[in-house]
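The values are calculated or read from the model by the stated rules, or taken from the named source; none is laboratory data. Nothing here was measured: the structure is a model prediction, and the numbers come from that model. As a convention, Cβ positions derive from the backbone with ideal geometry for all residues, glycine included, and neighbour counts pool all protein chains shown. Calculation scope for accessible area: heavy atoms of the full protein, side chains included, ligands and nucleic acids excluded. Shrake-Rupley method; radii C 1.70, N 1.55, O 1.52, S 1.80 Å.
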Amino acid sequence: MTKHSNISIVVSFLGLWIDSFFSDRIQIFIGFLLIFSFGILHGANDLLLIENITSKKQAIPFTKIVSYYVLVVLLGAFLFYAIPWLALVLFIGISAYHFGEQEWQHIDKGIPKKLAVLFYFFYGATILFLLFSFHTIEVQKIIFEITTLTVPPSLIVLLLKIVIAVLFLLGSYVYWKLKTARRQLLTEILYLLLFMIIFKSSNLIWGFAIYFVLWHSIPSIIDQIRFIHGKYDLQLFISYCKSAILYWGLSIIGISILFFSIEQEQVFNALFFSFLASITFPHALVITQMFSREKGK
């Protein structure tokens with residue numbers, strides 16, 4: 001286990017302990033605040049990443065980069081308006097791949113690329129459907145608010161069983177094929193058990209916030225800083241935060257206003273996940289390009 005993983009385990013259980021001191025509404029507010037601080041922060045420097053990726057290949061005007069990025073965000077938002085069920089399916093699928101790629105970014109060095117892509121997807125999907133399965137009623141309501149479709153809780157549980165079964169088969173192959181990955185595979189099983197405890201013991205937003213911030217966003221920030229500067233330290237982290245401060249601050253202000261102005265929790269959750277999806281689409285693509293560029297060095 002890495003130093004960050006050890007810290008994340010301790011802070012995760014601290015988060016469960018804090019859970020018992022606050023009402024659900026306060027937990028949800030703190031959870032959203034965390035998501036829109038470190039969660040938004042880890043995607044706030046995408047344009048800087050694009051500049052570093054393209055500068056090593058072919059220079060692209062900054063205004064053109066911004067235009068493409070904003071266009072993808074707007075297309076994502078429009079898709080949620082025009083075909084919400086398709087947008088939601090894409091959001092879940094892209095998020096699953098994105099989560100898995102962050103955790104297993106080096107696994108394709110020893111197995112075929114297509115198999116690695118499947119492994120990324122089903123690892124991330126396992127995490128997401130573990131979360132969904134412990135909060136089926138809340139998830140059902142959010143899906144209905146976004147798409148007006150009613151998804152039976154039994155379908156969510158069935159999908160969890162399917163993704164776990166496929167992940168087990170893929171993991172067995174990786175364990176047999178890659179000796180170097182065996183220790184990580186065993187460690188990740190423990191992490192998945194930890195996530196189960198977190199998701200079962202917390203409400204939907206608090207459980208998601210613990211995973212998203214501690215286990216995804218902060219490791220992603222560290223990887224991004226290393227890609228940009230070739231190393232990571234506290235001073236570079238502070239510099240990273242400063243370069244994202246405007247986008248970061250506006251997001252927190254906006255979500256706070258939205259939170260206090262919308263009384264219906266499910267409506268707010270639906271708007272939140274729609275917004276998160278719109279910015280996830282381009283971010284996931286940028287991170288994939290970053291990892292590809294690192295492997296191509």
Checklist line | Residues (out of contact with any helix residue (DSSP H, G or I) (no Cβ under 8 Å at 6 or more places or on another chain) and among the acidic types (D, E)) located in the range 9-36 | finding: D24
Next item on the list: Quick one: S202 ticks every box in (1) open to solvent by less than 70 Å² (accessible area, probe 1.4 Å); (2) at pLDDT below 90; (3) over 21 Å from F134 (Cα atoms) except a single one, so which number is it?
Entry: (3)
Next item on the list: With the checklist (1) more than 21 Å from the chain's Cα centre (by Cα); (2) over 27 Å from F32 (Cα atoms) in hand, flag the one item T187 doesn't pass.
Entry: (1)
Check: Across the range 56-74, which residue is modelled with the lowest pLDDT among those that are under 24 Å from F212 (Cα atoms) and surrounded by fewer than 14 Cβ atoms within 10 Å (Cβ to Cβ)?
Finding: V70
Margin query: Checking the structure you have, find out if any residue of the range 208-217 is surrounded by 15 or more Cβ atoms within 10 Å (Cβ to Cβ) and in contact with a His (Cβ under 6 Å, 6 or more places away or on another chain).
Written below: yes
Check: In the range 92-112, is there at least one residue being open to solvent by 60 Å² or more (accessible area, probe 1.4 Å), among the hydrophobic types (A, V, I, L, M, F, W, C) and either more than 19 Å from L204 (Cβ to Cβ) or without any contact (Cβ under 8 Å) to a residue 12 or more places away in the chain (or both)?
Finding: no
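The rows are residues; the columns are (1) aliphatic (A, V, I, L, M); (2) closer than 21 Å to Y211 by Cβ; (3) outside any helix (DSSP H, G or I); (4) open to solvent by less than 40 Å² (accessible area, probe 1.4 Å).
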residue: A125; (1), (2), (3), (4): yes, yes, no, yes
residue: L128; (1), (2), (3), (4): yes, yes, no, yes
residue: L131; (1), (2), (3), (4): yes, yes, no, yes
residue: E138; (1), (2), (3), (4): no, yes, no, no
residue: K141; (1), (2), (3), (4): no, yes, no, no
residue: L155; (1), (2), (3), (4): yes, no, no, no
residue: L158; (1), (2), (3), (4): yes, no, no, no
residue: K161; (1), (2), (3), (4): no, yes, no, no
Note to self: Quick check on this structure: which one of I53, I30 is β-branched (V, I, T), at pLDDT 80 or above, surrounded by 13 or more Cβ atoms within 10 Å (Cβ to Cβ) and in a helix (DSSP H, G or I)?
What the structure shows: I30
Item checked: Test for L193: is it part of a loop (DSSP other than H, G, I, E, B) and open to solvent by 70 Å² or more (accessible area, probe 1.4 Å) -> no
Check: Of all residues in the range 232-250, which are open to solvent by 50 Å² or more (accessible area, probe 1.4 Å) and at pLDDT below 85?
Finding: K242, S243, I245, L246, Y247, L250
